[in-house]
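The values are calculated or read from the model by the stated rules, or taken from the named source; none is laboratory data. Everything quoted here is computed from the prediction, not taken from an experiment. Positions of Cβ are backbone-derived with ideal geometry, glycine not excepted, and every protein chain shown enters the neighbour counts. Ligands, DNA and RNA are excluded from the accessible area calculation, which covers all protein heavy atoms including side chains. Shrake-Rupley method; radii C 1.70, N 1.55, O 1.52, S 1.80 Å.
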Amino acid sequence: RNPSRFGSLKRKFLVLTHIGIHWFKRNPGEDLFGEERGCIKLVDISIVKRTEEKIAKDEYQRMFEINCVDGTQRVFLTETESQCDQWVVAIEEAMSNKFKSFT
């Protein structure tokens, strides 16, 4: 596997909700989220993890991957390794809580 498989990286504004992960195109100076560009529902996520070290070199150390049940994959690059870890933990917690409100 090669880091080039990730394609081009574009700046996104991410929001994690009880429904899923939403990303927005946010122009400089905008106060709100901007235009929603996509969403992954929590129920559709099979795995969230940091990108493997043997694949992730240099800036890719700050990447995490989301694999969906339909086989699609999204990769996100954070500003720091700490942010990367925080996103993975937050998404895992949201996934584990997704059905608690129904019990």
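General remarks:
- Cβ-Cβ contacts under 9 Å between residues 6 or more apart (or on different chains), taken from a first residue in the stretch 76-93 that is within 22 Å of Ile19 (Cβ to Cβ) and touching a residue at least 24 places away in the same chain (Cβ under 8 Å) to a second residue that is hydrophobic (A, V, I, L, M, F, W, C) and open to solvent by 60 Å² or more (accessible area, probe 1.4 Å), are listed as Phe76/Leu9; Phe76/Trp87.
- Search result, residues across the stretch 29-43 that are under 16 Å from Phe76 (Cβ atoms) and open to solvent by less than 60 Å² (accessible area, probe 1.4 Å): Gly38, Cys39, Ile40, Leu42
- Qualifying residue in the stretch 44-65 (condition: part of a helix (DSSP H, G or I), surrounded by 11 or more Cβ atoms within 10 Å (Cβ to Cβ) and at pLDDT 95 or above): yes
- Test: residue in the stretch 19-28 that is at pLDDT below 80, open to solvent by 90 Å² or more (accessible area, probe 1.4 Å) and under 21 Å from Gln61 (Cα atoms): no
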